[in-house]
Amino acid sequence: MPLSDPSASRAVIIGVDTYQSLEDLPAVANNIERLAALLTAEDVWGLPPAHLTVLSNPTSKDAVLDAVHTAATEAEDALLVYFAGHGLLTADAGLRLALPHTDADRLYRGVAYDDVRDLIVQTGRALARVVILDCCYSGSALTGYMGAATGIANRTMAEGTYVMTSSAETKPAMAPPGEKYTAFTGELLRVIEEGVPGGPDPMPMDVLFTEVRDRLAARRGIPAPQQRARNAGHAIALVRNRWEEPPSVEEGVPAEEEAPPVRLPVFPRLARLLHPLLVMAAVVSLPFVAAPSALLGGGSDDPCGGGSALKEVEGECVGVSDGIHSFMPELNGVSRRIALANLRVPDDEPFVTIALLAPLTAADAAAKKRILHQVQGAYAAQRLSNDAHVLPYVRLVLAHPGEPSRMADQLVDMARSEEHNLRGVVGLDMNRALIGDIVKDVTDEGIPAVAGSFTPNSPGNYGLDNGSVAWIMPSAEDQVSALVSADKDVATERRSVLVQDKDTRKRGYVEDLRDAFREQLGDALHDTAPYSSAGGADVTERQFRIITANLCALPAAVENVLFAGAPADLRHFVHALARRPCWSRTFTVISGSEASALHEDPELDWDALDRTGITVEYTAGAHPETEGDGMEELKDVLKRLRPELGTVDLTDGEAISAYDSTLTAARTVQRMADPGKVPGTGAVTAGFLSLRLDAASGRICLDAQGRASNKAVHVLRLDPARRAPRLVATAYPRPGGCG
């Protein structure tokens with residue numbers, strides 16, 4: 001789990017060291033002074049001093065509860081409440097936090113822990129909520145009432161919660177005479193200062209607790225601390241791990257001359273936490289359907305959080321998350337921001353949910369980057385929509401597909417539920433059969449969908465002509481038409497060769513691009529060169545060596561190679577072409593929008609492009625050099641969100657596509673909504689037919705079939721000097737643009 005954002009967090013430290021009737025606890029003053037210093041240290045948490053409230057010897061209950069209330073209402077990411085002092089029990093085992101004038105006969109002068117907990121649960125909006133109690137009988141805070149669901153908004157956001165106590169419910173805490181700190185807090189401070197050998201950085205609460213507990217266990221007569229976590233609260237991280245690996249023994253220096261490094265053992269529980277599968281599961285908390293009544297009590301062994309919205313399938317969590325679960329570490333930061341944005345949506349205003357449906361995990365770095373860009377783009381659209389305060393507000397969820405039927409059922413249930421008001425499923429890489437199956441099931445139920453990355457030439461071939469899909473990406477037909485209008489040489493008779501994948505299993509993009517090239521340029525083609533990717537990469541490479549050698553035998557006028565195949569095949573083809581026998585001849589390789597992934601392929605030989613006279617061009621539905629109000633608006637939003645997201649790379653078009661998809665759904669919902677109401681799914685799909693939107697990728701005008709009418713197509717060229725694509729032309733399939 002990432003370190004909780006100190007700029008969006010709050011902490012309240014309460015310490016009572018002087019009492020009128022009870023024994024004084026001078027060590028408590030040192031506790032709160034040192035804890036405050038550590039929490040604000042840049043290499044520990046970096047909490048701004050203005051976000052930290054320290055109450056030393058508060059004289060009234062109101063002062064304590066007001067401080068907790070203020071922090072709970074202001075904290076968006078993490079809320080920490082710490083108390084050190086005497087703890088007293090009421091007749092019904094209720095815990096009272098003793099103030100200076102509290103005594104055993106006047107328990108009412110103390111602060112009821114239930115009142116503190118109520119403020120944290122019912123007032124607070126923080127994603128992570130942590131309570132640390134260093135007082136006698138503090139373990140009683142782990143039992144009994146845990147907060148009723150009626151006091152929490154029905155939207156049921158699931159926050160991670162964690163409670164750590166210095167003792168069990170029937171045990172006193174210890175403040176050994178002469179020691180600078182109390183026993184429990186002293187070890188807590190030392191672990192924060194020294195770190196945990198071999199532990200993760202930042203340090204989850206469970207790791208922090210384990211180290212404190214095991215250190216205290218070595219001290220005779222000290223009570224064992226207790227913990228309780230809900231919704232992966234054990235994974236909340238408020239501090240960095242300061243431990244550093246001792247320097248290794250230098251070569252040639254006898255080991256016995258070196259002072260042996262002091263190493264604390266890595267305890268079995270910590271070793272289990274460091275197991276890759278458990279670390280992956282502990283990255284985040286629960287999805288949006290978890291019950292709020294579980295806050296600050298109980299526990300769960302479900303690595304996906306215990307809610308019905310997520311399920312573990314083949315070692316990963318699949319299903320729907322509101323940002324609390326981020327699916328892979330690369331998404332932690334933006335997922336947390338989505339969760340915060342969802343929490344900011346007012347409960348008493350109309351809202352809708354939009355689901356980004358896409359594969360949200362990947363094995364290779366390039367694919368992970370593209371996924372990150374998609375989620376960043378969708379979040380930017382959510383913020384643009386909500387920050388303008390145009391109703392309905394938008395809640396964004398991330399839908400990672402696993403089992404098609406289960407995912408479709410989840411989305412359908414969300415559309416039918418007033419708790420979620422799902423009115424858009426967006427993103428939709430329709431090249432993936434899994435996504436296509438889910439989209440068909442969902443849209444057959446009339447739920448609106450926006451496909452941002454692929455438009456079939458004939459949606460009916462995929463059973464997606466049901467009128468519920470908005471297709472905002474130019475189809476392969478339109479891409480080829482725009483390509484011809486931008487470069488007449490492509491259509492010049494006998495100047496081009498078509499290299500096409502004949503694998504009959506390759507439907508979607510490859511099939512549509514192949515058909516578009518043949519139908520629009522068939523008479524002008526000099527020849528076609530089929531290959532089959534069915535045999536795997538080695539067989540494909542051998543076929544490409546033959547094809548590129550044959551190109552050398554063609555007339556010198558043949559300069560264009562139209563490529564209809566997958567991006568990985570395109571890379572193999574370019575490499576084969578770089579080794580062609582006729583090295584002095586130049587060729588331009590032209591492909592479609594899926595080639596946008598090529599520039600991030602770590603195996604692409606950029607130097608070969610530069611030295612062998614090969615130009616690679618392709619069409620794209622989006623590019624950051626696009627001119628227009630929509631792109632300027634996106635760039636303005638990303639500039640404003642830079643402190644949250646960093647610099648978002650728009651080069652591959654993924655962020656632009658997801659942004660436009662989400663914005664299309666949001667704007668359609670808002671335009672079809674009556675004041676103070678949420679439009680039905682039928683109204684939203686009807687709204688697609690009249691949509692006109694200045695999107696970041698260009699103006700979108702949807703026709704009667706929900707397809708982008710005469711949408712701008714960008715022609716990009718790989719630039720070896722920049723190691724990136726650059727825009728060479730923007731063209732339209734037909735003259736005039738869209739209305």
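What to note about this one:
- Checking Val499 against (1) in contact (Cβ under 8 Å) with a residue 24 or more places away in the chain; (2) more than 28 Å from Leu663 (Cα to Cα); (3) part of a loop (DSSP other than H, G, I, E, B), the condition it does not meet: (3)
- Test: residue in the stretch 475-495 that is part of a helix (DSSP H, G or I), within 33 Å of the chain's Cα centre (by Cα) and hydroxyl-bearing (Ser, Thr, Tyr): no
- Tally of residues being within 19 Å of Ala415 (Cα to Cα), of a type outside the set (S, T, N, Q) and surrounded by fewer than 20 Cβ atoms within 10 Å (Cβ to Cβ) across the stretch 442-481: 4
- Across the stretch 714-726, not a single residue is classified as aliphatic (A, V, I, L, M), open to solvent by 10 Å² or more (accessible area, probe 1.4 Å) and within 14 Å of Thr626 (Cα to Cα).
- Restricting the first member to the stretch 546-568 and to residues that are under 14 Å from Glu493 (Cα atoms), and the second to residues that are open to solvent by less than 20 Å² (accessible area, probe 1.4 Å) and in a helix (DSSP H, G or I), the beta-carbon pairs closer than 6 Å and six or more apart or on different chains are Asn560/Val490; Leu562/Phe517.
- Cross-chain or 6+ apart pairs with Cβ under 6 Å, the stretch 526-543 first and farther than 18 Å from Leu554 by Cα, then aliphatic (A, V, I, L, M) and surrounded by 15 or more Cβ atoms within 10 Å (Cβ to Cβ): none
- Residue under evaluation Pro404, criteria (1) buried (at least 24 other Cβ atoms within 10 Å of the Cβ); (2) in contact with an Asp or Glu (Cβ under 6 Å, 6 or more places away or on another chain), criterion not met: (1)
- The set of residues in the stretch 102-112 that are touching a helix residue (DSSP H, G or I) at 6+ places or on another chain (Cβ under 6 Å) and modelled with pLDDT under 95 contains only Thr102.
- Residues that are assigned to a helix (DSSP H, G or I) and open to solvent by 10 Å² or more (accessible area, probe 1.4 Å), drawn from the stretch 374-392: Gln374, Gln376, Arg383, Leu384, Asn386, Asp387
- Residue match in the stretch 657-675 (condition: within 25 Å of Leu464 (Cα to Cα), charged (D, E, K, R) and open to solvent by less than 70 Å² (accessible area, probe 1.4 Å)): yes
- Only listed residue being buried (at least 16 other Cβ atoms within 10 Å of the Cβ), in contact (Cβ under 8 Å) with a residue 12 or more places away in the chain and in a helix (DSSP H, G or I), chosen from Leu80, Leu38, Leu55, Leu47: Leu38
- Selection count, the stretch 108-136, where residues are farther than 14 Å from Thr59 by Cα and either without any contact (Cβ under 8 Å) to a residue 60 or more places away in the chain or surrounded by fewer than 20 Cβ atoms within 10 Å (Cβ to Cβ) (or both): 15
- Selected residue (criterion: surrounded by the most Cβ atoms within 10 Å (Cβ to Cβ)) from residues of the stretch 346-364 that are modelled with pLDDT of 90 or more and more than 21 Å from Leu434 (Cα to Cα): Thr353
- Tally, over the stretch 407-423, of residues that are at negative phi and open to solvent by less than 60 Å² (accessible area, probe 1.4 Å): 11
The values are calculated or read from the model by the stated rules, or taken from the named source; none is laboratory data. Since the model is a prediction, treat every value here as computed from it, not as a measurement. So basically every Cβ, Gly included, is an ideal-geometry build from the backbone, and we count neighbours across all protein chains shown. Side chains are part of the model used for accessible areas, which takes the heavy atoms of the whole protein and leaves out ligands, DNA and RNA. Shrake-Rupley method; radii C 1.70, N 1.55, O 1.52, S 1.80 Å.
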